[in-house]
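Remarks on the structure that follows.
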Amino acid sequence: MDFHAYLADRRTMDATERCLLRISEAAIKLGDFAEEQMPDVDWRGIRGIGNAIRHAYDQLEPKAIWAIVTTKLEPLSVATREALTRLGAE
């Protein structure tokens, strides 16, 4: 899906925001543990996107959400898998 298809699909946009909210909530629940295990991850930004989605949803820029999804999620996924492997959880 490219950005124009994303913009044309409100359901995908809403689902994307919901998934980002879940990731943000998980980061909040993990607290310092996440930062200790993956210090190179922007935990403040991850937690902050949840606040924006919850409280400034009418001001969210689709281009900003698209940028997060296309540039930030893969590195987070890689870092998470590596941490789980180190912890013997995967």
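Measure nothing fancy, just the Cα-based angle from helix 10-30's long axis to the longest principal axis of the chain, in degrees from 0 to 90, nearest 10.
30
Where does helix 73-86 land angle-wise versus the long Cα axis of the chain, in degrees 0 to 90, nearest 10?
Taking Cα atoms only, the helix is inclined about 20 degrees.
For helix 43-55, report the angle its Cα long axis makes with the longest principal axis of the Cα atoms of the chain; keep it between 0 and 90° and round to the nearest 10°.
So the inclination is approximately 40 degrees.
Can you tell me how much longer the chain between residue 7 and residue 57 gets when fully stretched, taken as 0.36 nm per residue apart minus their C-alpha distance, in nm with one decimal? Kindly include the intermediate steps, with their values, before the conclusion.
Details: separation 50, 0.36 × 50 = 18.00 nm, distance 1.56 nm.
Extra length available between residue 7 and residue 57 comes to 16.4 nm.
With N set to the number of residues, divide the alpha-carbon radius of gyration of region 3-86 by 2.2 N^0.38 Å and report two decimals. Walk me through the numbers before you get to the answer.
Details: Rg = 13.4 Å, N = 84, 2.2 N^0.38 = 11.8 Å.
Its radius of gyration relative to the 2.2 N^0.38 Å reference: 1.13.
How high is the relative contact order of the chain, given as a whole-number percent (alpha carbon pairs under 8 Å, six or more residues apart)?
Across the chain, relative contact order equals 29 percent.
So, in Å, what gap is there between the alpha-carbon centers of region 57-87 and region 2-37?
Here the two parts' Cα centres lie 7 Å apart.
Read the figures in this text as sums done on the coordinates, not as results from a lab. As the structure is a prediction and not an experimental result, all values here were calculated from the model.
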